[in-house]
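Remarks on the structure that follows.
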Amino acid sequence: MNAVARPRINPALVIALAALVLAVPLLVALVVLHQPRWYPLGDIAQTELRVRDVWSHHPPLVGLPGRIGTYPNQGSHPGPLSFYALWPYYQLFGGSSFALQCASAGLQFTAMVAALWIAWRRGGVRMVLAIGAVLAVLAHNLGVDILVEPWNPYLPLMTWVVVVLAVWSVCCDDVVMLPVVAVAGSFCMQTHVSYIAPVGGLAALSMVWTVIYARSHRAEPDVRRRVARSAALAVGLGVLAWVPPVVEQITSSNGNLSQLWDYFRSPPQASIGGRQGLELLLSHLDPWGLVVGQHGVTGALIPGTLLLIAWAVCAVLSLRTTARSLQRLHLVLAVALVLELVALSRIFGDVFFYLMLWSFAITALLIVAIGWTIGVLVGERAPDAFARRGLAFGTGAIVASLILFAGWFSWDAAYSQMPLANLGGALGGVMHPTIAALHADNAVRARNHVAGTYLVTWSDPVAIGARGFAFVNELERAGFDIGASKAYEVAVRAHRVVDPQHAAAQVHLAIGADIVAWRLKPGARQVAYHDPRTAVQRAESNRLHAAVLRELHDEHLDALVPNVDGNLYAAITDPRMPRRERLQLRRIADLDLPEAVFIAPATD
């Protein structure tokens, strides 16, 4: 009697089911975030301006401005791939601020699907489920705000997983993945400089492995052709990806790539060094922190140390097995850990959490490698019946983890809100009357046959100018011909800079004490006003303000007083500010300040 053939599993169906589970929390988040209307601030507003520029007469050639060099002429992150990648989703969903959120979530989800596809190539159904569980854990750890907010340190997070898996695939002699390494790696490196070391190192590993593989199979024509095609395509796509920043470098008097090279070759501060870099690495290897969603700068060192030891033991034991794919995963993770230590040790200046978010993917994959190694060791030595039960139990645990963490993330997504949404909502309070006033002003100018660009200016003592860029973004979205002053050229790009002498009028966003100053300016007309605070909050804010001024005077710190009204953020972060007054100022900032918009004759 013939044995009944086991049905062949459709890979597309398995990937689709895993992707559907991962998509649910993102969809829940987008439904929840659809209302109230979201106003992108600061860097996110600058991102939307650049996404809007894609396929325009002024396509972006470099990335978002960063902490590179000296403001306002600071350098930018290497390239614009993130803007081009966001653009199709942004257009598909209508070009609104919500469309930008959809674009960010869509980009992260696309990377997840790519990771699942690579997982299928490496290990079939179980590997798809294992990587799906990794992605679910990472998504839960990172949270809605990171996966939906299109900020450049966040955008490459899931694509980085694709890079690691694609390099692993190449090291398993799957050279077809070379173009994936080139494209995904270029996306990560261009979007944020923190990915240059880890991506560059893993890309180098994939190239070295390809050379070794090609030389060891040089007598096989099919292998030579496959390697040649894949390498040629990878080189071609890599070159194409880097054309925009190279064009900018060649056509600019002070190219951005040169700025990056000079800045990181001679940084303004010493790096944190190997010891602190190792502490950061170990704190980010904490499995419990991965589970509960901790992604701060510091953490416990002992759990990470134990995980690292367990992985090292498993890596050595894997050499005694016949699982070549497992061994090569351990190799890739070993290289990734070294690169992680190098990258973290080279951080200089303030150590921000977003500089090392990519490290959590390494932690999750280490856990996968440990579990896989244990499964292989047990399977090769235990009786068949016991091995089958163990395999079934392990598969069930993976599926449970995928569903559990996707469900947990969905629950969190149901109560999500965007970071600093209150500041954007306050800006929304002045946008409608401002737009109406500018339409009326344009109508008068049209009747008088007077045209020109509006010079947009602002003061934002609470959020270091974040609402100013949002103001520019929203006025451009509304269709007005606007521009900013030369000081903001890097942020808004050169084609949005307007000379005050050639501007039709000035539109100024005033926040806090600046409102009173602008009401006294000759020719200035207030067209909008909004105070987001309740009467009780206004009374509390005024009381705290008076107390801070009085206490600073009593402590002979009058030099700090101007920033209390002029730059609240600077006052809070000033190391000379006493702790009590700092806490009071933070409360004032949390309560926010009133906003007003003025139309006035153009001045710089």
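I'm trying to understand the selection: among the residues of the range 153-189, which are under 15 Å from Phe83 (Cα atoms) and either touching a strand residue (DSSP E or B) at 6+ places or on another chain (Cβ under 6 Å) or outside any helix (DSSP H, G or I) (or both)? If you could, list the steps in order and put the result at the bottom.
Keep residues of the range 153-189 that are under 15 Å from Phe83 (Cα atoms), which gives 153-156, 159, 183-184, 186-189.
Scanning the range 153-189 gives Pro153, Tyr154, Leu155, Pro156.
Scan the range 441-450 for residues that are surrounded by 12 or more Cβ atoms within 10 Å (Cβ to Cβ), closer than 20 Å to Arg477 by Cβ and of a type outside the set (Asp, Glu) and jot them down.
Of everything in the range 441-450, just one residue is surrounded by 12 or more Cβ atoms within 10 Å (Cβ to Cβ), closer than 20 Å to Arg477 by Cβ and of a type outside the set (Asp, Glu), namely Asn442.
Out of (1) under 30 Å from Ala312 (Cβ atoms); (2) of a type outside the set (S, T, N, Q); (3) in a helix (DSSP H, G or I); (4) touching a residue at least 24 places away in the same chain (Cβ under 8 Å), what's the single condition that is false for Gly296?
Of everything listed in (1) under 30 Å from Ala312 (Cβ atoms); (2) of a type outside the set (S, T, N, Q); (3) in a helix (DSSP H, G or I); (4) touching a residue at least 24 places away in the same chain (Cβ under 8 Å), Gly296 misses just condition (3).
Can you tell me which residues in the range 275-325 are of a type in the set (A, V, I, L, M) and modelled with pLDDT under 90?
Leu290, Val291, Val292, Val297, Ala300
Looking only at the range 564-589, filter to residues that are of a type in the set (Asp, Glu) and in a helix (DSSP H, G or I); which one of those is surrounded by the most Cβ atoms within 10 Å (Cβ to Cβ)? Spell out how you get there, then give the answer.
Residues of the range 564-589 that are of a type in the set (Asp, Glu), as a first pass: 565, 574, 581.
Then keep just the ones that are in a helix (DSSP H, G or I); that gives 565, 581.
Values: Asp565: 17, Glu581: 22.
In this case the residue turns out to be Glu581.
Working carefully through the options Leu30, Leu61, find the one that is touching a Cys at 6+ places or on another chain (Cβ under 8 Å) and either assigned by TED's automatic domain parsing to the domain that holds Glu248 or within 17 Å of Arg467 (Cα to Cα) (or both).
One residue alone meets the criteria, Leu30.
Based on what the data block shows, is Ala517 in a helix (DSSP H, G or I), touching a strand residue (DSSP E or B) at 6+ places or on another chain (Cβ under 9 Å) and either among the aliphatic types (A, V, I, L, M) or in the same structural domain as Gly468 (by TED's automatic domain parsing) (or both)?
yes
When only residues in the range 61-76 that are polar (S, T, N, Q), touching a residue at least 60 places away in the same chain (Cβ under 8 Å) and over 19 Å from Ala241 (Cα atoms) count, which is surrounded by the fewest Cβ atoms within 10 Å (Cβ to Cβ)?
Asn73
Only one of Ala478, Ala505 is of a type in the set (A, V, I, L, M, F, W, C), farther than 16 Å from Ala596 by Cα and without any contact (Cβ under 8 Å) to a residue 60 or more places away in the chain. Can you tell me which?
Only one candidate passes the filter, namely Ala478.
What residue, of Val490, Val561, is loosely packed, with under 15 Cβ neighbours inside 10 Å and either assigned to a helix (DSSP H, G or I) or of a type in the set (S, T, N, Q) (or both)?
Values: Val490 fails: loosely packed, with under 15 Cβ neighbours inside 10 Å.
When all the criteria are applied, what remains is Val561.
Which numbered condition trips up Asn448, out of (1) of a type in the set (S, T, N, Q); (2) touching a residue at least 24 places away in the same chain (Cβ under 8 Å); (3) outside the structural domain of Leu308 (by TED's automatic domain parsing)?
(2)
Which of the residues belonging to the range 16-35 are in contact with a Phe, Trp or Tyr (Cβ under 7 Å, 6 or more places away or on another chain), surrounded by fewer than 19 Cβ atoms within 10 Å (Cβ to Cβ) and in a helix (DSSP H, G or I)?
Ala23, the sole residue that qualifies.
Residue check: is Val316 surrounded by fewer than 16 Cβ atoms within 10 Å (Cβ to Cβ), within 21 Å of Val199 (Cα to Cα) and of a type outside the set (Lys, Arg)?
Against the criterion (surrounded by fewer than 16 Cβ atoms within 10 Å (Cβ to Cβ), within 21 Å of Val199 (Cα to Cα) and of a type outside the set (Lys, Arg)), Val316 does not qualify.
The values are calculated or read from the model by the stated rules, or taken from the named source; none is laboratory data. Keep in mind the model is a prediction, meaning the values are calculated, not measured. Every residue, glycine among them, receives a Cβ derived from its backbone with ideal geometry; neighbour counts consider all protein chains shown.
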